[in-house]
Amino acid sequence: MNATSTADPRDPVVLTCIECRREIDWCEFCDEIDCGVPICYRCMNRALEDALFEPHEHGA
Amino acid sequence: MPSEGTNAEYPRAGDVARSDVPTCRMDERLGDVGERVGSAGWDACVVVNDESVVMGLLRSKELDGDPELPIERAMRPGPSTFRPHVPIQEMADFMTRHDLVNAPITTSDGRLVGLLVREDAQKAASGVERSKGEG
């Protein structure tokens, strides 16, 4: 049996951010439209920046 | 940038990025650039302007294009860039999950710091994990 697709290849691809579920046109990290773990600009920056602010040893 | 806190001694993206990555200009020809990049042992090239601001990126797929193409038409324009202060573990983790072979590291005004190669990032991140395990 041959598989058929009704999807129009000209249709714009819509991805969903894996963090906030917002619709995005491409993954902000890898710039790909077929990324398996797409992430939006805001969530990507939050993920990368949060890693900077782990608690200091003096607790400040 | 001064670093402090529990992670201050660990490498960041800017420490691991290769500053010797080949660069080219938008008005060059892909064939000429590809030859230069290949003979330097690289499979990527960062397209910059006169101020070293990143304009585009050529990975192996783009470098394999029509040699007659001007870089402006061959490059991936406006690639995502990352700041030098991002912890290397985060970058390695993201690059692995997104299957990204390299990523340009730039200052906040877009000037090239270097190209972070995934294998380098993973190696450095493993070193951090080992250090944390010992501490």
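When +1 charges are put on Lys and Arg Cβ atoms and -1 charges on Asp and Glu Cβ atoms, the dipole computed for chain B relative to its Cα centre reaches about 280 debye. Over chain B, dividing the summed -39,500 (n - 2.57) contributions of all DSSP H runs of at least 4 residues by the number of residues returns a 222 nm mean residue ellipticity of -10000 deg cm²/dmol. Taken as Cα centroids, region B:68-95 and region A:12-43 sit 16 Å apart, rounded to the nearest whole angstrom.
Determine the shape class of region B:19-110: with a ≥ b ≥ c the square roots of the Cα gyration tensor eigenvalues, call it rounded for a/c under 1.5, and otherwise prolate if a/b is greater than b/c, oblate otherwise. Prolate shape, in that a/c is at least 1.5 and a/b is the bigger ratio. Summing charges over all other residues whose Cβ lies under 15 Å from the Cβ of B:Leu63, with Lys and Arg as +1 and Asp and Glu as -1, gives -3. The angle between the Cα long axis of helix B:118-134 and the longest principal axis of the Cα atoms of chain B comes to about 0 degrees, rounded to the nearest 10. The Cβ shell under 15 Å around B:Asp32 holds other residues with a net charge of -4, Lys and Arg each +1, Asp and Glu each -1. Annotation: amide H-H contacts under 5 Å for B:Val113 (H modelled 1.01 Å from N, sequence separation of 5 or more, or interchain): B:Ile105, B:Thr106, B:Thr107.
Coordinate-derived values only; no laboratory data. What you see is a predicted model, and the numbers here were worked out from it, not measured in a lab. Ideal geometry is used to build each Cβ from the backbone, glycine not excepted, and the neighbour counts take in all protein chains shown.
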